[in-house]
Amino acid sequence: MKLILLGAPGAGKGTQADILSKKLGISTISTGNILRAAMKNGTPVGLRAKEYVESGKLVPDEVVIGIVQERLAEKDCAGGYILDGMPRTIPQAEALERGGIDIDCALSIEVEDAVIVERMSGRRTCPDCGASFHIKANPPKAEGICDNCGAALTIRRDDAPETVRDRLATYHAETEPLKAFYAERGKLKTVDNQPTIEATTAEIEKALGL
Ligand code: AMP
């Protein structure tokens, strides 16, 4: 299964990707997590990406395309993968096609902007392993502590309300056209956000025929 998860920032792509990757036994490639790790480690890619990521702007296509091409060439991707947060622009999707990447499905999680803004204020992220939690919908077992690795959870700088509004505007302008791109290729499936994470997972599984 080669799956692309589409949806606004905060739609739950990362959360659902984690659940699906465990269920299907395939890796998730999250460009956001890769970029944040690169920034933390001060690599050349991280230094280049920092100002874009922190201000909620898209990192230039060529940077992201390079990262994903390298990552997809790794052994664990041979049997399939879930792309979370890439492609985010038409040129990125075209680059995947040019690279011979034939995906099975682009699945869009549909959430209203007002719900996203509300939801992002409760998001907590692990700066060490990238895991994501929500204070109400998906709280960690111990408050403020990552379930996976025990690090102290933080609020992503780009989750500040004014940055979230900019990221939503970017989503509608640059990323949402990907729905038509994949619909034209007969690859688009959409699911509506549900009141709980589990209910959204159930909708996704139904859409994918799992
Ligand atoms: P995310 O964790 O998916 O919300 O991504 C966080 C930030 O990383 C985005 O706001 C962008 O600055 C950057 N980013 C992640 N994926 C991409 C992508 N495919 N294209 C451009 N920028 C990206």
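Every number in this text was worked out from the coordinates using simple rules, so none of it is lab data. Quick caveat: nothing in here was measured; it's all calculated off a predicted structure. Backbone-built Cβ (ideal geometry, glycine too); neighbour counts: all protein chains shown.
Given a 10 angstrom Cα cut-off, can you work out which residue in G100, G186, G12 is the most mobile in a GNM of the chain? Checking each option, the largest mean-square fluctuation is seen for G100.
Subtracting the Cα-Cα distance of K141 and N41 from 0.36 nm times their residue separation leaves 33.2 nm of extension gain.
Close amide H pairs (under 5 Å, H built 1.01 Å from N) link A131 with C126, residues at least 5 positions away or on another chain. Enumerate the residues in segment 162-201 having an amide nitrogen under 20 Å from the point lying 7 Å beyond the Cα of R98 toward its Cβ. In segment 162-201, the label zone of R98 (backbone N under 20 Å from the point 7 Å along Cα→Cβ) covers 174-175, 177-179, 181-182, 185.
For the chain, adding -39500 (n - 2.57) for each run of n ≥ 4 DSSP H residues and dividing by the number of residues yields -13500 deg cm²/dmol at 222 nm. Site pair E118 and E54 shows an inter-label distance of 3.2 nm when each label is modelled 7 Å from Cα along Cα→Cβ. Size descriptors for the chain (Cα atoms only): Rg and Dmax, in that order, 16.1, 46 Å. The residue among V45, G10, C105 whose Cα reaches farthest toward the positive pole of the charge dipole of the chain, with charges on the beta-carbon of Lys, Arg, Asp and Glu, is V45.
Just T31, T175, T154 to compare: in a GNM of the chain, with alpha carbon springs under 10 Å, which one fluctuates most? Result for the chain, Cα springs under 10 Å: T154 fluctuates most. DSSP assigns beta bridges within the chain; of those with both partners inside it, close to 25 percent run antiparallel. Restricting the trypsin sites (Lys or Arg not before Pro) of segment 164-210 to loop positions (DSSP other than H, G, I, E, B) with no more than 14 neighbouring Cβ atoms within 10 Å leaves R185. The simple spin-label model puts a point 7 Å past each Cα toward its Cβ; for D192 and A169 those points are separated by 2.9 nm. Computed over segment 14-88, relative contact order equals 46 percent, with contacts defined as Cα pairs under 8 Å that lie 6+ residues apart. Sites listed here are trypsin sites (Lys or Arg not before Pro) in segment 63-136 whose DSSP assignment is loop and whose Cβ has at most 13 other Cβ atoms within 10 Å: K136.
Across segment 7-76, how many lysine pairs, 8 or more positions apart or on different chains, have C-alpha atoms separated by under 22 Å? Please give the number. Pairs that pass both the separation and distance tests number 8.
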